[in-house]
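J.: Dropping the structure in here first, questions after.
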Amino acid sequence: MNVSTPEWLYPRPDLPPVLDPAEADVTINLWLLPKFSMLTLYSLLEPLRVANRFGRSLFAWRLFSSDGGAVTASNGVTVDVDASLDAARVYDNLLVVASYDAEATVRPAQWAVLRQVAAHGGLLGALDTGAFILARAGLLAGVEVALHWESHAAFVEEFPTLSLSEAAYCFDRQRLTGGGGASSLDLMMALIEREFGASLAAAVSRQLVHQRRADPPASLSVSDAEPLPRSVRRAESVMEANLAQPLAIPEICRRVGQSQRQLNRLFRQYRGETVKARYLSLRLDRARQLLADSRISVTQAALAAGFGQPAHFSRAYRTRFDESPRMTAARGQRLD
């Protein structure tokens, strides 16, 4: 019996995996910001490289920086790029790859390129904290937005009218956003499926030994993977819901249904600090995220973390992070 071979089943080892844009059906343009995640970049490019091995000239990619110079990732590895984004003629498939201090080096010329892509109806994407850049340019209105879970609080503070998703990535019409890291593999599978069908996406997943999720995976935080007692998880949920207006510790214990002594024992065992110290840590962490990822002032960050007295906030912040709140703010955005 003659059985036809399913499409995209076997890759061809003799095909060059890297193509010139003139040779490829689709070109993906990546704008790398300083301190970007190398894991995110690899997770974006490797599926495209593998897809090209299945017998067609499918994907090419181009790397851009803000000034045309090499870009250093957060792991210290420097990557050469093809050109400056300002000088590029990009009208489609532009992904912003950012992580720490995402907006620190963005200039008006780059805003113009982003808006140019949007005006032409092209696909715009953002990984990790790149969503801040698209949002600042007014290009995320009316779509679901995904970004790294650590930056959720800062994003909501900056852009309260935008729709933030808990998913690891979102593909909403001509906007593609994601939390970065390893979840970018699934994001690129979604893009490959959109362009060339589910069978190719499945074949690429097999070659990468990657178990693709049928739906965008939920966003993960550090605590999701830790085997914490239910009382500790509930107490931290109560704390995180009341950072701007802190509750008294006895009230937290009442809501959790534990005595203060027992809850302190659990927190010392699983978190290495008391309930009060953990609550303070969460509030200071929130302030640091806001200062690093948004443009709010030091005073606003203090209030958002439940500190009514600036002096108290500054002392506690310096003790935890070994720098002042203004030093954190100065690295990324603006001062009071």
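J.: Determine one quarter of the surface area of the Cα convex hull of the stretch 26-207, which equals its mean projected area, and express it in nm² to one decimal. Write down the numbers at each step before the final one.
T.: Working: hull surface 38.8 nm².
For the stretch 26-207, the mean projected area of the Cα convex hull comes to 9.7 nm².
J.: Asp25: net charge of surrounding residues, Cβ under 10 Å, Lys/Arg +1, Asp/Glu -1, itself excluded?
T.: Result for the neighbourhood of Asp25: -1.
J.: Using the alpha-carbon centroid of each, what span in Å lies between the stretch 137-197 and the stretch 309-332?
T.: Cα centres, the stretch 137-197 to the stretch 309-332: 30 Å.
J.: On the first, second and third principal axes, largest extent first, how far apart are the outermost C-alpha atoms of the stretch 93-142 in Å?
T.: In descending order, the Cα extents are 29, 20, 19 Å.
J.: Helix-only estimate, please: 222 nm mean residue ellipticity of the chain, summing -39500 (n - 2.57) across DSSP H runs of length 4 or more and dividing by its residues, to the nearest 500.
T.: Taken over the chain, the calculation gives -12500 deg cm²/dmol.
J.: How large, in Å, is the stretch 223-332 by the Kirkwood hydrodynamic radius built from its alpha-carbon pairs? Before the final figure, lay out each step's value.
T.: On the way: mean 1/r = 0.0687 Å⁻¹.
Kirkwood radius, the stretch 223-332: 14.5 Å.
J.: While we're here: Could you work out the relative contact order of the stretch 26-207? I mean the mean sequence separation of Cα pairs under 8 Å and 6+ apart, divided by the number of residues, in percent.
T.: Rounded, it is 21 percent for the stretch 26-207.
J.: Find the relative contact order for the stretch 223-332 and round it to a whole percent, using C-alpha pairs within less than 8 Å whose residues are 6+ positions apart.
T.: 23 percent
J.: Moving to a separate point now. Towards the positive end of the charge dipole of the chain, with charges on Cβ (+1 Lys, Arg; -1 Asp, Glu), say which of Leu33, Pro17, Gly121 has the farthest Cα.
T.: Leu33
J.: With viscosity set to 1.567 mPa s at 4 °C, what whole-number translational diffusion coefficient in µm²/s follows for the chain from Stokes-Einstein and a Kirkwood radius over Cα pairs?
T.: This corresponds to a translational diffusion coefficient of 59 µm²/s.
J.: Follow-up question, since we're still on this one. Once Rh is set to the Kirkwood radius over Cα pairs, what Stokes-Einstein translational diffusion coefficient, in µm²/s, holds for the stretch 26-85 at a temperature of 37 °C and a viscosity of 0.692 mPa s?
T.: 272 µm²/s
J.: Next question, about the same structure. Spelling out what I want: for every residue of the stretch 96-107, take phi, set θ = phi - 60°, compute 6.51 cos²θ - 1.76 cosθ + 1.60 (Karplus), and round to whole Hz; glycine and proline get x.
T.: 8, 10, 9, 8, 7, 6, 4, 9, 4, 10, 6, 10
J.: In the Gaussian network model of the chain, springs joining C-alpha atoms below 10 Å, which of Leu147, Leu32, Leu266 carries the largest mean-square fluctuation?
T.: Highest fluctuation of the listed residues: Leu266.
J.: Now for a separate question. For the chain, modelled as a Gaussian network with Cα springs under 10 Å, which listed residue fluctuates most, Ile296, Ile252, Ile192?
T.: Ile252
J.: Next up: Would you please give the residues with an amide H less than 5 Å from that of Val106, counting only those at least 5 places away or on a separate chain, with H modeled from the backbone geometry?
T.: Amide H neighbours of Val106, under 5 Å, 5+ apart: none.
J.: Which helices, counted as full DSSP H runs in the chain, have an axial Cα extent of no less than 24 Å and a Kyte-Doolittle average of -0.5 or above?
T.: Those that clear 24 Å and a mean of -0.5 are 275-293.
J.: I would also like to ask the following. How high is the relative contact order of the stretch 116-201, in percent, with contacts defined as C-alpha pairs under 8 Å that are six or more residues apart?
T.: Relative CO of the stretch 116-201 lands at 29 percent.
J.: If the elastic network links every pair of Cα atoms under 10 Å, which of Trp31, Trp149, Trp111 fluctuates the most in the Gaussian network model of the chain?
T.: Largest GNM mean-square fluctuation: Trp111.
J.: Where the convex hull is taken over the Cα atoms of the stretch 56-152, what is its projected area averaged over directions, in nm²?
T.: 7.4 nm²
Any read-out appearing in this document is the output of simple, stated calculations on the displayed coordinates, not a laboratory observation. The model shown is predicted, which means the values in this text are computed figures rather than measured ones. Using ideal geometry, Cβ is built from the backbone for each residue, glycine included, and neighbour counts are taken over all protein chains shown.
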